Amino acid sequence: MILRGIAGLIATLVLWTAIVFIFQVPSYLLPGPMEVLNRLVFLFENAKLLRHIGVTLTEIVAGFVLGTVIGILAGVVFARLPRVERFATPLILLLQTAPKIAIAPLLLLWLGIGPTPKIVLIAIVTFFPVMSGMVTGLRYGEGSFRDLAAVLKLSPWQSFWHIELPSALPAVLAGMAVATTLAMTAAVIGELMGANEGIGYLLSSGQENSDTAVVIGMVLLLSMIGWAFYEIIELIRRRSLGRFQLS
Amino acid sequence: ADKIVMQIDGAAAPFYAPLYAGVENGIFEKNGIEVEFIYAAAADILTNIAAGNVDFGFPNGDAVVAAAANGLPVKVVHTTYQRGIGALLAKADSGITGYKDLKGKKIAVTSLASPNYLQLQVGLKLAGLSLDDVSVEVVQTGAIVQSLQAGQVDAIVFSELRKYNLEADGTKVTMVLSNDFLPSFGNVVVTNAAKLSENPDLVKRFTTAVTQSYEWVIDGHVNEALDIALDKYAPTWPKDQKGILTTAFEQTFVPTVWQSPLTKEKGLGAADVAGWQKNADILAEYKVIDDAPKAEDFVVDPSTIGQ
Amino acid sequence: MEFLVSQSERMIDIAGVHKTFVADHGTVTALEPVSITIKEGEFISIVGPSGCGKSTLLRLISGLDQASGGSIKLDVSGRKRPVGFVFQEPVLLPWKTIIDNVRFPLDTSGISRGQGDKTALDLIKMVGLAGFEKALPRQLSGGMRQRAAIARALSDDPPILLMDEPFSAVDLLTRDNLNDELLRIWQSTGKTILLVTHSVEEAAYLADRVMVMTARPGKLKCVHNVELLRPRGEETKLDPAYHALVAQLRRDLRTPAGEAH
Amino acid sequence: MEFLVSQSERMIDIAGVHKTFVADHGTVTALEPVSITIKEGEFISIVGPSGCGKSTLLRLISGLDQASGGSIKLDVSGRKRPVGFVFQEPVLLPWKTIIDNVRFPLDTSGISRGQGDKTALDLIKMVGLAGFEKALPRQLSGGMRQRAAIARALSDDPPILLMDEPFSAVDLLTRDNLNDELLRIWQSTGKTILLVTHSVEEAAYLADRVMVMTARPGKLKCVHNVELLRPRGEETKLDPAYHALVAQLRRDLRTPAGEAH
Amino acid sequence: MSGRFSAAIDYTLALAVLLFAWWLATGPMGLPTYLLPSPLRTWNALVTIALTGELWRHLGFTLQNIVLGLILGCIAGIAIAYVMTRFPKLAVWLDGPLVILQTAPKIALAPLFIVWFGFGVLSKIVLIFSLVFFPVFVGAVAGFRALDPKMKDLSKLLGLSSIQRFRQIELPAAMPEIFVGLKIGAVQALVGAVLAEWMSGKVGLGYLMTFASATYKTPLLFAAVLMTVVLGLLLHVALTILERRLLSWKGAARG
Ligand SMILES: Nc1ncnc2c1ncn2[C@@H]1O[C@H](COP(=O)(O)OP(=O)(O)OP(=O)(O)O)[C@@H](O)[C@H]1O
Ligand SMILES: Nc1ncnc2c1ncn2[C@@H]1O[C@H](COP(=O)(O)OP(=O)(O)OP(=O)(O)O)[C@@H](O)[C@H]1O
Ligand SMILES: [Mg+2]
Ligand SMILES: [Mg+2]
């Protein structure tokens, strides 16, 4: 995994440098890695970069965990009661497709300024892929396991914990991997709605100031956070591989 | 002290230095106010003000006119920028020196609903041209300056402030200020109509603090104010641009943006009601808004608050 | 053909139960109306051609599927888990080790881990899987998986045991051993057992009664009483009556459907 | 014990092949070194206790798994698909109908649809699944699925056929029929067949030679020549030699591992 | 089929409840129009632009981008997922850049896409593509990985060509997981199309939204939002029907 990470990082840096070098891209369009690094060091020294990272990271973790838990639970309910799923689908699609910025003032009105609307926004986007993964994992999972659960008259909780969650785990993990990327976007949108700290805030100030290096730097930081999330999910997947792989 | 939230247009930038210095120097505190700044797009600020999500806003004047025209209960309580800061920007080496040179060129604005677009239309008309003579591209704030730099467009109609970004980046630009032919207002302090009538004292104290903050900068503290802004509030801003910013403040903002003949007479933030009305009438004439609102309905002179 | 049993002894009461599947390729009558009453503690074997509805019948009794008509009554007042089921394919949870799979019914009914382990280990030893407690299902051979599934079905000691060809994938010796173990457990616990098998010898050796079914549409052809002495063992297999029954069952299975014997 | 066969006749040459699995729960020697040479057109049955390495041996021969040591040579020059395999569990593609599953090997080797359909329909009829051509696998009973898998393995007429307990889930009558069909196909096509079974009767009835294996560690105990006349049929089952062999195989399986007979 | 019929009833019922809640918020609860216009005002705004024909121009443009981006994203997502699961060595090198590219928030990069790929439809398609790709990719990877080893045995035994193996075994087996990605991808395509039009352009539902938002024409804003939601719902229903058909062999548990 370490190898994979380093290989990926090197490949990205090489590609990036090559593009900047070969096409002689001016820095207002795409600054090179060194320039971005310099800006990051500058922000670290002058702009309490770590504090901003901490703020955003907290929001992402809180929103991601919230969305994942609700997504898994909703997935179970939806897989068991397709009517409930059909009933909830319009609302869910409304939340997913309605441009977040169009409903931002409403979110602020109901949840106040501060971290809550950001966390809720991240939870909303995280929810959907996790829920979809869970529903699919359960709906298309081994029918014979359902028979086993029925014969053993397992309680809903028991069949969730012992049978449904493990069978759906690959699909749920895939949903969570997708959710990480959406969560990064939601974090930015959340901080564009009105904020004075966080990576998204620094990013929007970079955008306002046409400071491409700051924009790319913040994008890179968010990528790294997303990547860390992704690797944690990969780790869980690999750990459970031996156990959870269907024979 | 009363805790209030002020939402500022765009993002933290050294151009808002007087407000930041006001906080750091205890001017707001002295007026019994503890202020927190947050940032968003102009239209969102006005919606938030109307909804009561935030206490004060600092958006562009055109956005307030449009909001008022659509019935949002917002009031301008401090016309901080006495003129508009919209401008036509083109690279110096493009040969464009004014609207007359735009025939056959490609020009970017941020939205067909934006004041930039209106300024472009009026500017073209005064130069004897029309929209049919140019091609217009719509490009969002985050990309419009780069599109000029990259040569994707020949000119942009946007904020005067971007001239300083471009020059800091080594790009010489020609600028035509829109305010010269289309009076408008840059950032102004806005609050909710209900808040103004229910708690005029708070609004009064707030506008007073704003005025005092700007006065301190005007009174020869540009350097200190910029230091505060660059160190504590707009730290992403490259420090080596302080020279350019100092020039901009001393030659433009202090003499012509924050102060006007009217403010000499009535104090900073004075309401040029006639100017506002003219602005609204032109917005209506060019169908940016359906009907022009009455300026006295949404613009208040700071000196009259609480009386 | 039907037994008359006292009300209290009736364990499973099947009356006119039938099942039809509707599928794209047409309607399949898996089971024509079947009626039979099974007494508490009875051991019933079911034989019949492939596709005649044996599995379907067990699934209906267990409540996994709904009958298209008729009624099934189980007299299992108050038991949370009336039936244990050995499915035709070993349905082991692939993410659990063998011992965890065997202990699963106990874990999910609140038995303590220690107690559960003891029971599970005994059963694992009984089915000849000692040494494979910590193996995962995919690391076992087909027959070993089937035996693990048998151990699981026995672990929580259900009053009714439904077994769908439980020994089809194991060798003769193991099969004989497991047959005897099953009889031992049955005798000591008084379970009611229904066992589907393709081995007429096994059917005759184990059961009190043998149900013979005929193919498409699946139908109960006849029920044989097995009058062999209990307990059964090596001597049973030398009993001429046993061989006569086996021969009879063989004949039953070879006669075309519908033809009464 | 080993046959001496002319070079050209050797179809499968197994020399010192063994297999060890390493797993969390320990190392399992699935197969101790096995050596045997199988002639072209030979019919070999394999019997042995559950878990003794029968499936493992077939998987090694087919090339699905790699041996831990030893060598396996197949004399199948130029054949793209030398072996057909009936797995211990029917591995049908769940999204294809029965006829599509049976025709699958033909479809993927460029046989025309019309020709493929003809072959597939014949085989489906042979295994007794007529009427279920358009059914999906999950709509069949266990034994029916197994028969579909047999039909598939036969459809593209491979020179070597490996069958892992192909008839374990079907009833006696069907089993007898399929046994005879298999013999007929074998005789008319000259295939080399290896068949794993738990039925010693079946093993003796079908094979030229019977391999007997012993349990853990899996080992080839002995190989019996079956000197019964061909073609075989009802008379074979009356032949005392057949019964003697069956009895011998039974004894072999009952003797504890390692003990030579 | 009664299943589909009752699904339609459920959707309609749910929409009715949403509509009622919306009406409740704007009517009795008195949310002002600039925050949330009433259903009636929104409907009127919608009818107005529908009658002038403006709506169809915007809708058509957005829909065209969505479909194009969705198809391209899907093909690339499935193809690259397949290549990576087939050649795990390649994955070591591709995984990192792919994840970095994906977790980079597109909303932040969207403005740069315009200066990188121009004002035309290309920058929009690139943006939608980049949003659709990853869900489909992740779903497909999960699907290809979950392939039953017995199926692998079968294809090895039959000596299937790569194309046969993919077409006949791996793709159908991975379909359930691919559909998860596809459904998320469809929603992302919508978000991407709107986002792209928000960044630049003079046509499309996203453009309509920025225009309406900047001019405080909130009923028009919500009419456009409503149209995207309806588009999303239609895409979802279409995918669900397709899923039902393609995955009927799974005999999915139904209510
Ligand atoms: N889910 C289903 N959908 C459609 N038909 C089904 C379904 N399940 C079973 N059948 C049909 O019902 C009939 C009886 O099936 P069942 O599984 O009960 O047979 P069986 O007696 O157990 O056979 P075997 O000995 O082969 O296991 C078969 O013809 C089968 O095709
Ligand atoms: N993938 C694996 N990992 C670990 N051990 C394995 C694996 N596959 C088989 N084994 C072990 O190898 C041994 C032989 O297995 P094999 O499947 O060949 O038995 P078999 O003779 O076919 O038995 P059966 O008659 O029950 O099918 C068993 O002890 C089994 O546990
Ligand atoms: Mg069955
Ligand atoms: Mg085996």
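The values are calculated or read from the model by the stated rules, or taken from the named source; none is laboratory data. From a predicted model like this one, the values you see are computed outputs, not experimental measurements. Please note: Cβ atoms are built from the backbone with ideal geometry, for glycine as well, and neighbour counts cover all protein chains shown. For accessibility, only protein heavy atoms count, side chains too; no ligands or nucleic acids. Shrake-Rupley method; radii C 1.70, N 1.55, O 1.52, S 1.80 Å.
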Quick one: E:K89 ticks every box in (1) under 23 Å from the mean Cα position of the chain (by Cα); (2) surrounded by fewer than 23 Cβ atoms within 10 Å (Cβ to Cβ) bar one, so which box is it?
-> (1)
E:L195 passes all but one of the listed conditions (1) modelled with pLDDT of 85 or more; (2) touching a Ser or Thr at 6+ places or on another chain (Cβ under 6 Å); (3) within 13 Å of chain B (Cβ to nearest Cβ); the exception is number (2)
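Within the bounds of the range D:178-193, is there any residue that is within 16 Å of ligand 3 (Cβ to nearest atom) and farther than 20 Å from D:V47 by Cβ?
Checking the range D:178-193: not a single residue is within 16 Å of ligand 3 (Cβ to nearest atom) and farther than 20 Å from D:V47 by Cβ.
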Residue in the range C:187-203 that is surrounded by the most Cβ atoms within 10 Å (Cβ to Cβ), counting only those that are in a helix (DSSP H, G or I) and more than 10 Å from every other protein chain (Cβ to nearest Cβ) = C:A203
From the set of residues in the range C:28-51 that are in a loop (DSSP other than H, G, I, E, B) and more than 16 Å from ligand 1 (Cβ to nearest atom), which is nearest to D:E133 (Cα to Cα)?
-> C:E42
A:L30 being outside any helix (DSSP H, G or I), within 19 Å of A:L220 (Cα to Cα) and more than 22 Å from the chain's Cα centre (by Cα) | yes
Cβ-Cβ below 7 Å, separation at least six or inter-chain, first residue in the range A:61-73 and surrounded by fewer than 23 Cβ atoms within 10 Å (Cβ to Cβ), second of a type in the set (F, W, Y) and in a helix (DSSP H, G or I): which pairs?
-> A:I70/A:F127
Restricting to the range A:166-197, what's the tally of residues that are in contact (Cβ under 8 Å) with a residue 12 or more places away in the chain, open to solvent by 20 Å² or more (accessible area, probe 1.4 Å) and over 20 Å from the mean Cα position of the chain (by Cα)?
-> 1
Does the range C:33-47 contain at least one residue that is away from every other protein chain (no Cβ under 11 Å), touching a strand residue (DSSP E or B) at 6+ places or on another chain (Cβ under 8 Å) and open to solvent by 60 Å² or more (accessible area, probe 1.4 Å)?
-> yes
Flag for E:I66 being more than 10 Å from every other protein chain (Cβ to nearest Cβ), of a type in the set (V, I, T) and either farther than 21 Å from E:A193 by Cβ or open to solvent by 20 Å² or more (accessible area, probe 1.4 Å) (or both) = no
From the option list A:S205, A:S223, A:S210, single residue qualifying as free of Cβ contacts under 8 Å to residues at least 12 places away in the same chain and within 7 Å of another protein chain (Cβ to nearest Cβ) is A:S205
Exactly one of (1) touching a residue at least 40 places away in the same chain (Cβ under 8 Å); (2) surrounded by fewer than 17 Cβ atoms within 10 Å (Cβ to Cβ); (3) more than 14 Å from every other protein chain (Cβ to nearest Cβ) is unmet by C:A67. Its number?
-> (2)
From E:V136, E:V126, E:V141, which residue is open to solvent by 10 Å² or more (accessible area, probe 1.4 Å), modelled with pLDDT of 90 or more and at the interface with another protein chain (Cβ under 10 Å from one of its Cβ atoms)?
-> E:V141
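Please go through the range D:108-152 and pick out each residue that is of a type in the set (G, A, S) and either facing another protein chain (nearest Cβ under 7 Å) or assigned to a helix (DSSP H, G or I) (or both). Lay out the reasoning, then the answer.
First, the residues of the range D:108-152 that are of a type in the set (G, A, S): D:109-110, D:112, D:114, D:116, D:120, D:128, D:130-131, D:135, D:141-143, D:148-149, D:151.
Result: D:G114, D:G116, D:A120, D:A135, D:S141, D:G142, D:G143, D:A148, D:A149, D:A151.
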Looking at (1) in contact (Cβ under 8 Å) with a residue 60 or more places away in the chain; (2) within 13 Å of another protein chain (Cβ to nearest Cβ); (3) open to solvent by less than 40 Å² (accessible area, probe 1.4 Å), find the lone condition where B:V136 falls short.
-> (1)
Which helices (runs of 4 or more DSSP H) does the range B:144-231 wholly contain that include 1 or more residues that are closer than 21 Å to B:I45 by Cβ, more than 14 Å from chain A (Cβ to nearest Cβ) and small (G, A, S)?
-> B:193-198, B:200-218
Residue ID - least open to solvent (accessible area, probe 1.4 Å), chosen from residues in the range D:153-167 that are away from ligand 1 (no atom under 16 Å from the Cβ) and part of a loop (DSSP other than H, G, I, E, B) = D:P158
Output yes when any residue across the range C:211-232 is closer than 24 Å to C:D171 by Cβ, under 13 Å from the mean Cα position of the chain (by Cα), aliphatic (A, V, I, L, M) and crowded, with 16+ Cβ neighbours inside 10 Å, and no when none is.
-> no
Select from the range A:82-130 the residues that are of a type in the set (G, A, S), within 12 Å of chain E (Cβ to nearest Cβ) and without any contact (Cβ under 8 Å) to a residue 24 or more places away in the chain and list them in ascending order.
-> A:A88, A:A98, A:A102
Before we move on, is C:R216 within 11 Å of chain D (Cβ to nearest Cβ) and within 16 Å of ligand 2 (Cβ to nearest atom)?
-> no
Among E:A146, E:A104, E:A173, which is the only one that is open to solvent by 20 Å² or more (accessible area, probe 1.4 Å), among the small types (G, A, S) and at the interface with chain A (Cβ under 7 Å from one of its Cβ atoms)?
-> E:A146
Out of C:L92, C:L129, C:L60, sole residue that is crowded, with 18+ Cβ neighbours inside 10 Å and more than 29 Å from C:S141 (Cβ to Cβ) = C:L60
Within the range C:73-107, tally of residues that are over 25 Å from A:A168 (Cα atoms), within 9 Å of another protein chain (Cβ to nearest Cβ) and not in a strand (DSSP E or B) | 3
